[in-house]
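Every read-out reported here was derived from the displayed coordinates using simple, explicitly stated rules and does not represent laboratory data. If you're wondering where the values come from, they're calculated on a predicted model, not measured in any experiment. Glycine gets a Cβ as well: all are built from the backbone with ideal geometry, and neighbour counts include every protein chain shown.
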Amino acid sequence: MKYHHLLFVFTLSQFAFAESPKAFTDVPFGASLEEARAALTSRKELKPGEVSATLLTFTGGTFSGQPVSHWTFKFVGNKFALGSAHIDNVKKPVYDDLKDQLTKKYGKPDSEKGHNSYECRWVFRSNGQRTIRLDYDYKGKVDVTYTLDSLAKAGEKEDL
């Protein structure tokens, strides 16, 4: 009985201490658009794209060793709320590899589904709730999205 109790405590502690993401590609959640732009333009592999009061885009670079077709950084009230890496023209093993890497860093996904398209989601319920979402569609596109949910939801209300 003691072994089962220790195993339960060890398993529970893995989830209790799973690292919550504080940033996406070195841009901390809550950073201003100018802070994010400065950090990202200093990375020589990234090429600037669209810029608006609520959006920055870039092309180039890699995410976990995979070439990124484009990056999206969204801001609400001049605070970084959501970042995505978009990877095109890949097979499902790329999704599987990214899922394994994210699982090693953040623990088992909180939800997972798939058939022709696949999705995993990690949810961290502290500090404004943060979410990581990994999507793969049958056309060969992978999206990795990090979100500070409290800011992103405030932005959705502003759009109404």
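Remark: for residue pairs Lys79/Lys104; Lys47/Lys141; Lys47/Lys79, the C-alpha separation exceeds 27 Å in Lys79/Lys104. Between Glu45 and Asn116, the contour length at 0.36 nm per residue exceeds the Cα-Cα span by 22.3 nm. Rounded to the nearest 20, the Cβ-based charge dipole of the stretch 21-159 about its Cα centre (Lys and Arg +1, Asp and Glu -1) stands at 280 debye. Figure legend: label point modelled 7 angstrom from the Cα of Ala23 along Cα→Cβ; no residues of the stretch 119-156 have amide N under 15 Å from it.
Using a simple spin-label model with pseudo-atoms 7 Å out from Cα toward Cβ, Asn127 and Asp97 lie 2.9 nm apart. With Cα atoms defining each centre, the stretch 22-68 and the stretch 70-121 are spaced 16 Å apart in the structure. Taking label positions 7 Å along the Cα-Cβ direction at both Asn89 and Asp149, the computed distance is 3.6 nm, reported to one decimal. Peptides 46-52, 135-141 ranked from most to least packed by the mean count of surrounding Cβ atoms within 10 Å: 135-141, 46-52.
Once C-alpha pairs closer than 8 Å and six or more residues apart are averaged by separation and normalised to the residue number of the stretch 21-159, the relative contact order reads 19 percent. According to the square roots a ≥ b ≥ c of the eigenvalues of the Cα gyration tensor, what is the shape class of the stretch 21-159, taking rounded for a/c under 1.5, prolate for a/b larger than b/c otherwise, and oblate for the remainder? Oblate.
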